[in-house]
Amino acid sequence: MKPRKTLTGQLGLYMQWPIFLAVLVIAANIVIGFVDVGAALAMSGFSIVYLLLSVFLYVFSRRKLMAGMVEFSADYAWIQKKLLSDLDIPYVVTDQSGRLLWMNDLFTEMMREVRVKNNSLVSMFPEVTKEILQGVVERTSIHTTFGDRSYRMDLKLVPMDELEPEPEGAGADGGSVTKMISSVASTPDLIAVYLFDETEILRFQKEITDQKMVAGLIYLDNYDEALESVEEVRRSLLMALIERRINKYIAGLNGVVKKMEKDKYFFVIQERYVAELREQRFSILEDVKAVNIGNEMAVTLSIGLGMDGDTYGQNYEFARMAIDMALGRGGDQAVIKSNEKIEYFGGKSQQQEKTTRVKARVKAHALRELIGTKEKLLIMGHRLSDIDAFGAAVGIYRIAAALDRKAHIVINDVTSSVRPMYERFTPAAGYPEDMFLTGSEALEKADAGTLLVVVDVNRPAITEEPELLKKVKTIVVLDHHRQGSEIIDNAVLSYVEPNASSACEMVAEVVQYIADGIKIRPQEADAMYAGIVIDTNYFNNQTGVRTFEAAAYLRRSGADVTRVRKAFREEMVNYQARAHAVSHAEVFEKSFAISECPAEGIENPTIVAAQAANELLGIRGIKASVVLSEYNGIIFISARSMDEVNVQVMMEKLGGGGHRSIAGAQLKGVTLEEAREKLKDVIREMIKAGDVN
């Protein structure tokens, strides 16, 4: 039995008004009867006629009126569906599993072009998943592609309780909608999907981006040294050949290059060519090194690119920052700096040591001026300090004492590698009891009259007490590690020398220039000499003329080789752990030695791991060695190489850093096996990118 249809709302009220008025007329007729009976009788005839007409309209015309309304609603629904079908954007209705329920003409044409599996939105657009569809609350936008077009897909939730069945007699169109609804009766809600073609918009955006100007700087790393290695009559020819290669390279990118100084160039290219530079990995770095007209030393370049800035001026500032990072990392590499990230390329060759000490003298004088303006010094190295950081801190302590300034060395945990030297600095030896402070104690002493000197580290996160970097306003950094993307950027004086063997070597040079008559005590000379010896693996790695000169200065100051060697004799358990790491090493990709250092019974397995990595380099055919160790829930990675692999780049990919031949990283929240697999993935990536000679 069909349900009886009723008129509701304003239309039903409109149909009932004649009845209400008829009642009002009858009431008025009765009132008139009390005044005049004749007039009431006369009016009664008109009242009866009005009442009959009202009943007739309500009873007999109601059905015709409803039929007309149904016909109107059917026509209106057909117009709506026609407009939706002919809509100029693809439109489809799906359930929450992605099944296509209804689509307009444009969407139907799209489906004809590509074969769709299971008649599903998920099959057509990989970016759309069932999780996304089920997570739509009100409106969600997704950027996707279909064929050769790009679309912005808007998903709008249509709750089923908002849909009402169409009136009977809605015709074929009304029946199709009712059929659609009934086909998904088991589905709670529907999803309306709109596709907005943004292919042209994205193309224009890409064209605008490609035409943006990118600022770049090119510096010749070893200009003076390279010229000195060639005959005087050929020097102009050497520079002409290098300049010609630079001009030709930039011209090939449709760019403009301008020589600013004898060893500095500024260039501008469009952003569209940056992808080509990335793909070629800045081939100009190798092209310039190939120039040889009898010069004993190859010329190397450093390149800095700045892009994605709000203005051209900001791009130039990015380029300045990028070139500084390239030089700070040792040169012979390119750095791209943008708003979002920093990218590194090159850095394969060993940086040539500069024999001149002009830079050391300038930095020493600047440090002396800063010390003279402050009342006290705080000196700190990196977390879990090694002997190089400790020795460098002791050297700065001696400078402060010579300049009559109170100084403290910040150290939280005294490791086994530092303890033999640490125990020699006692009140009995003439040192104050507060020479060494913990990080929390140093924070209490820090004030406006404090100078903070950071040695052997330039990454704020791994310093002994990172909070000091925020509290102290005047900061000095002395380090020999290559700079990464994370640096101490609020330092008033930064002396980063990647070609130095150790921080102790740098401090030994500074001591000689900062003031006359500074006398280093024997235990201080021992600590600094030990820092050089350990970091160079007994003068086997990263050594140059200045390294031996610094060692000679420390020997003259009282450093004793035998005393240092005795201080660093190791326990049997450490020796056995190192032997275990060497004997169980895995040779990966025929050139990489990978091993793990056992931690049981060892006070500081990271030191043993570093020693094992050094020994593994002595195996023929090994280009780089990496040893992993676990300490306090953290995976420490020690990497070493000769000259064929830049282990600094390798460790940077794991969040670490260091030197070209000595580097390390720390991984949290992973097991040794997981860390090993991550390391192997990085090695495979470097081999594929050509970063291994």
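Since every read-out is calculated from the coordinates, none of them should be taken as a lab result. No experiment lies behind these values; they were computed from the predicted model shown. We place every Cβ from the backbone using ideal geometry, glycine too, and count neighbours over all the protein chains shown.
General observations
- Once the Cα gyration tensor of the range 304-421 is diagonalised, semi-axes √(5λ) in Å: 35, 19, 17
- Segment ILE26-ALA689, extension gain: residue separation times 0.36 nm, minus the distance between their alpha carbons: 228.7 nm
- For the range 269-312 and the range 117-160, distance of Cα centres in Å: 43 Å
- Hydrodynamic radius (Kirkwood) for the range 241-341, which is based on Cα pairs only, to one decimal in Å: 14.1 Å
- Simple spin-label estimate for TYR538 and GLU231 gives 4.5 nm between the two label positions (7 Å along the Cα-to-Cβ direction from each Cα).
- Amide H contacts under 5 Å for ALA407, placed H, 5+ residues apart: LEU377
- Just so you know, the Cα atoms of the range 359-567 work out to an Rg and Dmax of 15.4, 44 Å.
- The fewest-to-most ranking of MET321, MET651 by surrounding Cβ atoms within 10 Å reads MET321, MET651.
- Filter on LYS471/LYS680; LYS337/LYS471; LYS341/LYS688 - keep pairs with C-alpha separation over 31 Å: LYS471/LYS680
- Highest average packing first - 93-101, 620-628, Cβ atoms within 10 Å: 620-628, 93-101
- Checking the Cα-Cα distances for LYS445/LYS566; LYS359/LYS470; LYS470/LYS653 against a 31 Å cut-off, the pairs over it are LYS445/LYS566.
- Cα convex hull, the range 625-693: 68 Å³ per residue, rounded to a whole number.
- Inter-label distance for THR209 and ARG281, nm, one decimal - labels placed 7 Å from Cα along Cα-to-Cβ: 2.5 nm
- Estimated FRET transfer efficiency (LEU672, PHE568; beta-carbon r; R0 30 Å; 0.05): 0.65
- Amide H contacts under 5 Å for PHE588: ALA593, ILE594, restricted to partners 5 or more places along the chain or on a different chain, H placed in the peptide plane at 1.01 Å from N.
- Ascending count of other beta-carbon atoms within 10 Å, so fewest first, for TRP102, TRP17: TRP17, TRP102
- Size-normalised alpha-carbon gyration radius of the chain, reference 2.2 N^0.38 Å: 1.54
- Highest mean packing comes first when the peptides 43-54, 388-399 are listed by Cβ atoms within 10 Å, giving 388-399, 43-54.
- Within the shell of other residues whose beta carbon sits under 9 angstrom from the beta carbon of TYR151, the net charge comes to 0, with Lys and Arg scored +1 and Asp and Glu -1.
- Computed log10 I(q)/I(0) for the range 209-272 at 0.27 Å⁻¹: -1.15, from the Debye equation with unit scatterers placed on every C-alpha and solvent omitted.
- If both residues of a DSSP beta bridge must be in the chain, then about 70% of such bridges are antiparallel.
- Simple spin-label estimate for HIS580 and LEU493 in nanometres, 7 Å along Cα-Cβ: 4.7 nm
- Note on ASP148 and SER120: with the Förster distance fixed at 22 Å, the Cβ-Cβ geometry gives a FRET efficiency of about 0.55.
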